[in-house]
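Below is one structure; the comments refer to it alone.
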Amino acid sequence: MNKWIITLLAVLVILVAVFMGVQMVSKQRTQISQNEAQVQNQAELSDKVTDECVEEWKEMEEDQKTAALEANAEEQIKLSPNCSFLFQKHYTKCNHTTKEYTNIPTTLVNQNQEEVAKHYPEWKIEKWSANEVIFSQELAGECGEHYRLKEIDGKIVIYQINSNGQEEEYEKTEIATDYLTETDKIHLANGWEVNGKQELNQAIEDFE
Ligand SMILES: [Zn+2]
């Protein structure tokens, strides 16, 4: 009788062990398949991201193409008879920029950028539109428009400063210094420096 019980118990233990073993294996399998699903998910996700990047890239390419087309279209703009030309010279030694405005030469009316550029080989076109064109040029020297205002015998005299730093009389004005403010008088006594014709004209206008 005892022998039978022991045998039964042994069989039971074996059965339980086998059952548990099966359970563990199946659990592991589920985990593995879950991991696989995750990996797949990630792959899909990265596919999607790549797709988005491609989309963005395509958009960027489109934008670049549009910009190039627009630039090309801009170059094709023809100049109106009222167009003004602005020539800007930048002098690297004194870091001044001189500006000169002119009206469009009649021969250039209705011309596009390429045609006009041929007439100004030493100039770079900074702005191109039907009513205004800005040309620019970089030069190594000084602008040559450095002035100094001084008071001589009660009147303002304009001196031009040459590239050696020497003063040369430029113009004797009829502007009396009597009515200037004390600050202006001190400023003049020290030599009032002005750069560019525009600034000079403005200074003279302010005194008058
Ligand atoms: Zn200068």
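Taking a cut-off of 18 Å between Cα atoms, list the lysines near Lys150, but don't count ones fewer than 8 places away on the same chain. Excluding near neighbours in sequence, the set is Lys172, Lys185, Lys197.
Net length available on complete extension from Tyr101 to Leu86 is 4.9 nm, with 0.36 nm assigned per residue and the Cα-Cα distance removed.
Which FRET efficiency value, to the nearest 0.05, do you get for Asn190 and Cys94 by plugging their Cβ-Cβ distance into 1/(1 + (r/R0)^6) with R0 = 22 Å? That gives a FRET efficiency of 0.65.
Net charge in the neighbourhood of Gln113 (other residues with Cβ under 15 Å of its Cβ; Lys, Arg +1, Asp, Glu -1) is -3. Taken along the Cα-to-beta-carbon direction at a fixed 7 Å, the label points for Leu15 and Glu75 span 9.1 nm. Among the trypsin sites (Lys or Arg not before Pro) within segment 83-136, those in coil by DSSP and having at most 11 neighbouring Cβ atoms inside 10 Å are Lys93.
Using alpha-carbon pairs under 8 Å, 6+ residues apart, how would you state the relative contact order of segment 129-187 in percent? Answer for segment 129-187 is 23 percent. If the segment from Phe207 to Ala68 were pulled out straight at 0.36 nm per residue, it would be longer than the present Cα-Cα gap by 45.0 nm.
Just so you know, all these numbers are worked out from the coordinates, no wet-lab data involved. Just so it is clear, the structure is predicted and the values come from calculations on it, not from any experiment. Backbone-built Cβ (ideal geometry, glycine too); neighbour counts: all protein chains shown.
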